[in-house]
Amino acid sequence: MRVDKFLWAVRFYKTRSIATDAIKKNHVRINGIVAKPSKEVYGGDILEIRKNQIDYKILVLDTPKSRVGAKLVPQYIKDQTPKEAFKHLELLKDAKNYYRKKGTGRPTKKDRRDLEEFLGDE
């Protein structure tokens with residue numbers, strides 16, 4: 001089965017075109033070698049996928065005939081991603097939240113004026 005179709009079939013990407021774009025951008029490796037969308041995937045292959053700043057490592061157990069339900073995905077792949085990758089993503093999110101809370105948006109004119117009043121005129 002083609003690697004783009006496989007990633008779509010095991011629900012790693014929502015559409016085949018998104019999977020193809022990710023592969024073309026060299027985000028997917030098969031057994032350590034950069035893959036093309038038409039590269040065949042077999043049982044026992046190890047896929048390394050870069051998605052959302054995480055380097056996933058997936059062992060292919062079998063190839064499905066078509067797209068499978070979410071409950072059946074563990075029959076076809078085994079996730080071997082190290083736990084440190086997920087911890088690293090949490091640290092990145094915490095670092096972003098430290099700078100500015102999500103949803104607060106840009107400061108308004110009133111916020112700027114209040115800040116200038118607090119700091120005093122120079």
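The values are calculated or read from the model by the stated rules, or taken from the named source; none is laboratory data. Quick caveat, the model's predicted, so the values are computed rather than measured. FYI the Cβ positions are ideal-geometry reconstructions off the backbone, even for glycines, and counts take in every protein chain you see.
Looking only at region 57-80, decide whether some residue is under 13 Å from the mean Cα position of the chain (by Cα), part of a loop (DSSP other than H, G, I, E, B) and either at pLDDT below 90 or not basic (Lys, Arg) (or both).
No, region 57-80 has no match at all.
Against the definition (of a type outside the set (Val, Ile, Thr) and surrounded by 14 or more Cβ atoms within 10 Å (Cβ to Cβ)), how does residue 16 come out, yes or no? Walk me through it before giving the result.
Details: of a type outside the set (Val, Ile, Thr): yes; surrounded by 14 or more Cβ atoms within 10 Å (Cβ to Cβ): yes.
It is true that residue 16 is of a type outside the set (Val, Ile, Thr) and surrounded by 14 or more Cβ atoms within 10 Å (Cβ to Cβ).
Being farther than 30 Å from residue 47 by Cβ, at pLDDT 85 or above and either surrounded by fewer than 10 Cβ atoms within 10 Å (Cβ to Cβ) or of a type in the set (D, E, K, R) (or both) is the requirement here; does residue 113 meet it? Can you show your working first?
Numbers: farther than 30 Å from residue 47 by Cβ: yes; at pLDDT 85 or above: yes; either surrounded by fewer than 10 Cβ atoms within 10 Å (Cβ to Cβ) or of a type in the set (D, E, K, R) (or both): yes.
Against the criterion (farther than 30 Å from residue 47 by Cβ, at pLDDT 85 or above and either surrounded by fewer than 10 Cβ atoms within 10 Å (Cβ to Cβ) or of a type in the set (D, E, K, R) (or both)), residue 113 qualifies.
For region 59-69, what are the residues that are β-branched (Val, Ile, Thr) and touching a Lys or Arg at 6+ places or on another chain (Cβ under 7 Å)? Talk me through it step by step, then tell me what you get.
If we filter region 59-69 for residues that are β-branched (Val, Ile, Thr), which is where we start, we get 60, 63, 68.
Matches in region 59-69: none.
Being closer than 11 Å to residue 6 by Cβ and in contact (Cβ under 8 Å) with a residue 24 or more places away in the chain is the filter here; which residues of region 22-48 pass it?
Listed by number, the residues that qualify are 28, 30, 35, 37, 39, 40, 41, 47.
Are any residues in region 3-15 in contact with a Lys or Arg (Cβ under 7 Å, 6 or more places away or on another chain) and either in contact (Cβ under 8 Å) with a residue 24 or more places away in the chain or more than 20 Å from residue 74 (Cα to Cα) (or both), and if so, which ones? Walk me through it before giving the result.
Step one: list which residues in region 3-15 are in contact with a Lys or Arg (Cβ under 7 Å, 6 or more places away or on another chain), which gives 3-5, 8-9.
Within region 3-15, 3, 4, 8, 9 meet the criteria.
Anything in region 42-60 that is surrounded by 13 or more Cβ atoms within 10 Å (Cβ to Cβ) and of a type outside the set (Lys, Arg)? List them, or say none.
Passing the criteria: 45, 46, 47, 48, 49, 54, 55, 56, 58, 59, 60.
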